[in-house]
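For reference, the structure discussed in these notes is given below.
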Amino acid sequence: MDGIGMTSRRTRERLIARLRGKGADDETVLAVMAEVPRHLFVDEALASRAYEDTALPTGHHQTISQPYVVALMTQLLLDGRRRLGRVLEVGTGSGYQTAILAHCCDKVFSVERIGALLRPAQERLAELRLRNVQFANRDGYDGWPAHAPYDGILVTAAPPAVPPGLTAQLADGGRLVLPVGPDGGQRLCVHTRAGSRISKEWHEGVTFVPLRKGVD
Ligand code: SAH
């Protein structure tokens, strides 16, 4: 599972060094990313490129997120904490970000609107023995109210504007991290709840597939 040559632990360490060079500096997140074998989350034909810092296609017109962006979003979610309680992920995709979250959260709830992507993602997490994830084939535009409140919500597809239902599902002190904006003009946005107050910060520009409504 650890891989050889282009998929080896050493190749992964080189990716971590590159992420550090770009400014990722949360040691908890970097240690987890050094553990999780990203090549298991892409098509075999692309495995040799799994430790480049780029997004890669996963079929169904979706992509596995760029490692630097995974590091950054997870770091923004943790905000210096080493571990979170309950976290909702919207957009399971390949399951790579899910696996990173499973290592630093007690329980992950992950929703994906494309049913055909969900099964392989679940199998990868099972292969890695990550058992603290509950998946669902559902539209996460309005979150997953049944399991709220969450200490963190991470969205890996971009809506044009922040869906109002998501901040309502944050626990006190909880953070929502998501890309917001139109194609070509998205930025990472973080909302933090303190009691009934929600504060908002903007971070760097990113490129994600759009958040779509409905289930396939
Ligand atoms: N974190 C994933 C990124 C996948 S791309 C990875 O690294 O592999 C974003 C995913 O969000 C796609 O799989 C897409 O189908 C899904 N998605 C888009 N809109 C959604 C919605 N409303 N609810 C749930 N999933 C959604």
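The values are calculated or read from the model by the stated rules, or taken from the named source; none is laboratory data. Since we're looking at a predicted model, the values are computed, not measured. Neighbour counts run over all protein chains shown; Cβ positions are idealised from the backbone, glycine included. These accessible areas exclude ligands, DNA and RNA; they are computed on the full protein's heavy atoms, side chains included. Shrake-Rupley method; radii C 1.70, N 1.55, O 1.52, S 1.80 Å.
A compact table of results
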quantity: Single condition M73 does not satisfy, out of (1) modelled with pLDDT of 95 or more; (2) within 16 Å of the ligand (Cβ to nearest atom); (3) touching a helix residue (DSSP H, G or I) at 6+ places or on another chain (Cβ under 7 Å); calculated: (3)
quantity: Elements of type helices (runs of 4 or more DSSP H) contained in segment 81-174, each with 1 or more residues being within 21 Å of D26 (Cβ to Cβ) and away from the ligand (no atom under 13 Å from the Cβ); calculated: 96-104
quantity: Odd one out for I153 among (1) more than 23 Å from V32 (Cβ to Cβ); (2) in contact with a Gly (Cβ under 8 Å, 6 or more places away or on another chain); (3) of a type outside the set (F, W, Y); calculated: (1)
quantity: Any hit, segment 122-139, residues being modelled with pLDDT of 95 or more, within 22 Å of S199 (Cα to Cα) and not aromatic (F, W, Y); calculated: no
quantity: Within segment 32-60, considering residues that are open to solvent by 50 Å² or more (accessible area, probe 1.4 Å) and not in a loop (DSSP other than H, G, I, E, B), the one nearest to G93 (Cα to Cα); calculated: P57
quantity: In segment 61-77, the residues that are closer than 11 Å to V29 by Cβ and either out of contact with any Asp or Glu (no Cβ under 6 Å at 6 or more places or on another chain) or part of a loop (DSSP other than H, G, I, E, B) (or both); calculated: V70, A71, L72, M73, T74, L76, L77
quantity: Some residue of segment 4-27 being more than 18 Å from the chain's Cα centre (by Cα), in a helix (DSSP H, G or I), crowded, with 17+ Cβ neighbours inside 10 Å and of a type in the set (G, A, S); calculated: no
quantity: Matching residues in segment 190-216 - criterion: being β-branched (V, I, T) and either within 16 Å of the ligand (Cβ to nearest atom) or not in a strand (DSSP E or B) (or both); calculated: V206, T207, V209, V215
